[in-house]
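This report refers to the structure that appears directly beneath it.
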Amino acid sequence: PMKIIIDTDPGQDDAVAILLALASPEIEVMGITAVAGNVPLSMTEVNARKVCELAGRPDVAVFAGCDAPMTRPLVTAEHVHGKTGLDGYDLPEPSMPLQDMHAVDWIIETLRTEAPGTVTLCPLGPLTNIGTALDRAPDIADRIARIVLMGGAYFEVGNITPAAEFNIYVDPEAAQIVFRSGVPLTVLPLDCTHKALTTRARNAAFAAAGRIGEVVAGWTGFFERFDKEKYGSEGAPLHDPCVIAWLLRPDLFRGREVNVEIEAQSDLTRGMTVADWWGVTDRAANALFIGEVDADGFFQMLTDRLARL
Ligand code: BDR
Ligand code: CA
């Protein structure tokens, strides 16, 4: 199986991504590293453990990482995810342990120990843990097989400011390190994830997919209310599971190899992913930037796999 590290700030959609990975025999989750993002670190690390226990996997190693961006105060997203980050279905407090080691130290140690080119990183939140690891241990860059991340936007522009997507906005300095690292990148931006929308029929399919499907339907039901009330849309984008789905079924997605630079300075556009979609510069491509997903195929796979857990 493909070895991955999930770096995450759960978040209902992060939780669904973790469940999809744990439900997939093609993937070995080496560990989960929590970061501050949607809610503070004290909650994201607990949420990660709750989700592992829900999946019947208390053996998964969960590490706590950075509690604030590399150089800025933390911005959170309770307005979307609720106070706990996992509002919509209450899970019991976890009894599995949190690992002692700091997530950044564990990421560095793991990449130095495993054979080069065998570990894929899957960041689903702000890039603080990964940026800090690359900054502290530049030698790991050559050892990472690929970084497959949810973040950024091109045509869809922003969701936390008019210009920026949340994960990149929260820690643009960390994102800049990642995008300049030379590691092969796959980026699942809003352009893709805004096409993976929950609908009544898709939520009903989750709810019918066993105990875990019911939990997921509870979360998506909550997560949706923000988009429904604010934009009158039918459902909500299931952002982070797109990362795991791309690993499993890249044929469901379409994108382009482009150059992506991160704006970290401007007050107006901080966190913007400046993607050279039309190839108007001579900057070398550094990312596969995904623009399309077969949403029906994506939801079908997700529901089937959750039902198997
Ligand atoms: C991203 O921000 C978070 O709110 C979601 O979990 C996702 O990772 C979408 O912009
Ligand atoms: Ca997330």
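Please treat every number below as a calculation from the coordinates, not as lab data. On a predicted model such as this, the values are computed, not experimentally measured, just so you know. Because the Cβ atoms are built from the backbone with ideal geometry, glycine has one as well, and the counts that use them run over all protein chains shown.
Quick one: what pairs do we get from region 180-200, first residue outside any helix (DSSP H, G or I), second of a type in the set (Ser, Thr, Tyr), C-beta under 8 Å, 6+ apart or different chains? Partner pairs satisfying both residue conditions: Val187/Thr273; Pro189/Tyr154; Pro189/Thr273; Leu197/Ser233; Thr198/Thr220. Can you name every residue in region 142-156 that is among the aliphatic types (A, V, I, L, M) and closer than 17 Å to Val80 by Cβ? Result: Met150, Ala153.
Taking the residues in region 44-74 that are outside any helix (DSSP H, G or I) and small (Gly, Ala, Ser) as candidates, determine which candidate is surrounded by the most Cβ atoms within 10 Å (Cβ to Cβ).
Step one: of region 44-74, the residues outside any helix (DSSP H, G or I) are 55-74.
Now narrow it down to the ones that are small (Gly, Ala, Ser): 55-56, 61, 64-65, 68.
Values: Ala55: 20, Gly56: 10, Ala61: 18, Ala64: 22, Gly65: 26, Ala68: 16.
Of everything passing the filter in region 44-74, Gly65 is surrounded by the most Cβ atoms within 10 Å (Cβ to Cβ).
Filtering region 205-245 to residues that are in a loop (DSSP other than H, G, I, E, B) and under 15 Å from Gln12 (Cα atoms) leaves Gly235, Ala236, Leu238, His239, Asp240. The set of residues from region 174-184 being in contact with a helix residue (DSSP H, G or I) (Cβ under 7 Å, 6 or more places away or on another chain) and more than 16 Å from ligand 2 (Cβ to nearest atom) comprises Ile177, Ser181, Gly182, Val183.
Within region 10-25, residues that are touching a residue at least 60 places away in the same chain (Cβ under 8 Å) and away from ligand 1 (no atom under 15 Å from the Cβ) have Cβ atoms under 9 Å from residues that are among the charged types (D, E, K, R) and in a loop (DSSP other than H, G, I, E, B) in these pairs: Leu22/Arg57, counting only partners at least 6 apart in sequence or on another chain.
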